[in-house]
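Please read the structure below before turning to the comments.
The values are calculated or read from the model by the stated rules, or taken from the named source; none is laboratory data. Nothing here was measured: the structure is a model prediction, and the numbers come from that model. All Cβ positions, even for glycine, are placed from backbone atoms using ideal geometry, and neighbour counts span all protein chains on display. These accessible areas exclude ligands, DNA and RNA; they are computed on the full protein's heavy atoms, side chains included. Shrake-Rupley method; radii C 1.70, N 1.55, O 1.52, S 1.80 Å.
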Amino acid sequence: MAVELVVRAMKPGFEQFPVIVVGSGFFGATIAHLVAVELDVPVLVLERREHGGGNSFSEIDPETGIEFHRYGSHLFHTSNAKVWEFVNRFSAFNNYRHRVFTFHDNRMFTMPINLMTINRFFGKSFKPAEAAAFLAEKAAAEGIAAPTNLEEKAISQIGRDLYAAFVRDYTAKQWETDPKELPASIISRLPVRFSYDDFYFSDRYEGLPVDGYGKIFQRMLNHPRIHVELGVDFFAARAALAPSALIIYTGPVDRYFEYRHGALGWRTLDFELERPAVSDYQGAAVVNYPELQFKHTRIHEFKHLHPERAQNPKQTLIMREYSRFASGNDEPYYPIGRTEDRQRYELYREMAEAEPSVVFGGRLGTYRYLDMHQAISAAMKSFETEIAPRLRRDGE
Ligand code: FAD
Ligand code: UDP
């Protein structure tokens, strides 16, 4: 669903805007919306890409009629009632709940690791407490008292066999970084369950926007006080902006400071689309490929995200996802967060705090592995604590 962002007939000069939002992902779009609606202040949104919505953008594939997420499946889930109420202003959500399957040793397993995964893998029929005791014994044998990195954290939860089958090589493909160098928080995103609960998330609210993410962004940004310029890089437009403008910057923080302390580590992704002539390719929205014999990490099949829609019966749309280190002009998608990155980011964070009239936000601006609901929640907080007070003061 292409975002038909409204380019207004009257196109005022950039210098007339007191607020500039750099980037139209969930962080930037939330700020722009709140500034316009709650403060009635004009906002200019500058977006480098030819579409709005950042990495959450989706559109309809003209050939199959299937909505696809251009940057991989984006599942909306949150336990934050304020965030859920906010996104529901822009679209109703369906009742899709995400399940992921993983292909190991020519067999399918449930992911995240649950009682089904454990029983299938070890050829057992454990009850929950038996499975927990079985894995606890394996984990205890490793003698990891206080895990400090991804590998230790995973092994201390599931033991070495399950780690080797489902985590080690997937993580190697996703990050190409020694898992001892990766923060434990990356693997803490996934639960380990001793029940047959096979949902990927455990949040109170979950679903996909029935009108698509494209419409959400269109509705967030379609306001008389908001002007969106697509295909414009902030650094190219900077000279034309009012020197007194408040800037909300959601691009990469290291780029803003011209890599003064060196480049932060990011992973980028390559996506490969295919349109098999079958109604259902893999039976689920996402299947992971943890083995090194496959170069991709996962395959997305988007029609499963919208069971409420009448879908193309003859064709489907799948997307293979490949991960590699970002360099040059690659899009940065995942902050790697090795020790050296975190130390470097700390230097950038200090510089960001000292930068007058610029608020740094979002996944790229704060070098944080934020999900959509977290980007929205962080934007709401930033609006309430920094942006609104400052604009109210300026307006007095
Ligand atoms: P972004 O969406 O990255 O937006 C930043 C925008 O700034 C971009 O559009 C960029 O073009 C623009 N920009 C950057 N520099 C400049 C510049 N100099 N001038 C102008 N514009 C600029 N989250 C979930 O909740 N569920 C999921 O299932 C999920 N899956 C994901 C899968 C993948 C593969 C990835 C990469 C992310 C996933 N996420 C998911 C995370 C989600 O994409 C982010 O939470 C969300 O996009 C963050 O919004 P943001 O505004 O911080 O950044
Ligand atoms: N992970 C794994 N095997 C899987 C799925 C995930 O080892 O089958 C690990 C991997 O290190 C990954 C992390 O768990 O980077 C977080 O997974 P998640 O699905 O949350 O990642 P995202 O959807 O953000 O790429």
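Odds and ends about this structure:
- Filtering the stretch 158-180 to residues that are open to solvent by 60 Å² or more (accessible area, probe 1.4 Å), modelled with pLDDT of 95 or more and of a type in the set (Asp, Glu) leaves only Asp161.
- Scan the stretch 206-242 for residues that are in a helix (DSSP H, G or I), within 10 Å of ligand 1 (Cβ to nearest atom) and of a type in the set (Gly, Ala, Ser) and the total you get is 2.
- Those residues of the stretch 246-280 which are touching a helix residue (DSSP H, G or I) at 6+ places or on another chain (Cβ under 9 Å) and over 30 Å from Gly361 (Cβ atoms), in sequence order: Ser279, Asp280
- Note on the stretch 292-318: among residues that are closer than 30 Å to Leu264 by Cα and in contact with a Lys or Arg (Cβ under 9 Å, 6 or more places away or on another chain), the one that is farthest from ligand 2 (Cβ to nearest atom) is Lys295.
- Of residues in the stretch 237-259 being over 23 Å from Ser382 (Cα atoms) and touching an Asp or Glu at 6+ places or on another chain (Cβ under 8 Å), the one surrounded by the fewest Cβ atoms within 10 Å (Cβ to Cβ): Ala240
- Taking the criterion of being at pLDDT below 95 and open to solvent by less than 50 Å² (accessible area, probe 1.4 Å), the residues of the stretch 130-146 that qualify are Ala139, Ile144.
- Per the conditions (1) over 30 Å from Tyr333 (Cβ atoms); (2) open to solvent by 60 Å² or more (accessible area, probe 1.4 Å), the sole criterion not satisfied by Ile118 is (2).
- In the stretch 240-250, the count of residues that are closer than 22 Å to Arg97 by Cα, more than 23 Å from the chain's Cα centre (by Cα) and polar (S, T, N, Q) is zero.
- Residue, least open to solvent (accessible area, probe 1.4 Å), within the stretch 181-202, restricted to residues that are over 22 Å from Phe109 (Cα atoms) and not in a helix (DSSP H, G or I): Leu182
- Residue check, Val232 modelled with pLDDT of 95 or more and either out of contact with any Gly (no Cβ under 7 Å at 6 or more places or on another chain) or more than 15 Å from Val19 (Cβ to Cβ) (or both): yes
- Residue list for the stretch 17-33, filter: touching a Ser or Thr at 6+ places or on another chain (Cβ under 7 Å) and either closer than 16 Å to Leu230 by Cα or at pLDDT below 95 (or both): Val22, Gly23, Gly25, Phe26, Gly28
- On the stretch given as the stretch 369-396, residues that are over 22 Å from Glu206 (Cα atoms) and within 16 Å of ligand 2 (Cβ to nearest atom) total 0.
- Helices (runs of 4 or more DSSP H) wholly inside the stretch 329-382 containing at least 3 residues that are open to solvent by less than 20 Å² (accessible area, probe 1.4 Å) and touching a strand residue (DSSP E or B) at 6+ places or on another chain (Cβ under 9 Å): 339-354, 372-382
- Whenever a residue of the stretch 265-280 is under 18 Å from Glu176 (Cα atoms), its partners that are assigned to a strand (DSSP E or B) and of a type in the set (Gly, Ala, Ser), lying with C-beta atoms within less than 9 angstrom and at least six residues away or across chains, give the pairs Arg267/Ser323; Thr268/Ser323; Leu269/Ser323; Asp270/Ser323.
- Strands (runs of 3 or more DSSP E) contained entirely in the stretch 22-103, each with at least 2 residues that are crowded, with 21+ Cβ neighbours inside 10 Å and of a type outside the set (Val, Ile, Thr): 43-47, 67-69
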